[in-house]
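Take a look at this one; I'll ask things after.
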């Protein structure tokens, strides 16, 4: 019985870890993309702000989608 509980706890912690990483990497990725486009197009800071908002929204969506599996 204890082995099944350990496996379940490990699976849940892995899912929670993946959910947190999905937020982090989506925000960083879209913010970085917006910052690079700002430097290239000279529109600073607007595309970085849009990238931050878009990355946050996508990260939140992925977070909810992954944590539903818990």
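Rule-based calculations on the coordinates, nothing more; no lab input. Here the structure is a predicted model, which means the values were calculated and not measured. Counting neighbours? That spans all protein chains shown, and the Cβs are built from the backbone with ideal geometry, glycine included.
What nm distance separates the two modelled labels at residue 8 and residue 49, each placed 7 Å from Cα along Cα→Cβ?
Each label point lies 7 Å from its Cα, and together they span 4.8 nm.
Further question: Fewest Cβ neighbours within 10 Å first, please rank 49, 27 accordingly.
49, 27
For region 31-70, what is the relative contact order in percent, using Cα pairs closer than 8 Å and at least 6 residues apart in sequence?
Contact order relative to length: 35 percent.
Something else about it: Roughly how tilted is helix 46-67, in degrees to the nearest 10 and between 0 and 90, from the longest Cα axis of the chain?
Tilt of helix 46-67: around 10 degrees.
Something else now. Sort 25, 63 by Cβ crowding within 10 Å, fewest neighbours at the top.
Ranked by crowding around the Cβ, least crowded first: 25, 63.
Follow-up. State the volume of the convex hull built on the alpha-carbon positions of the chain, expressed per residue in Å³ and rounded to an integer.
About 49 Å³ per residue, rounded to a whole number.
I'd like the orientation of helix 2-41 relative to the chain: the angle between its Cα long axis and the longest Cα principal axis, in ° from 0 to 90, rounded to 10.
The answer is roughly 0 degrees.
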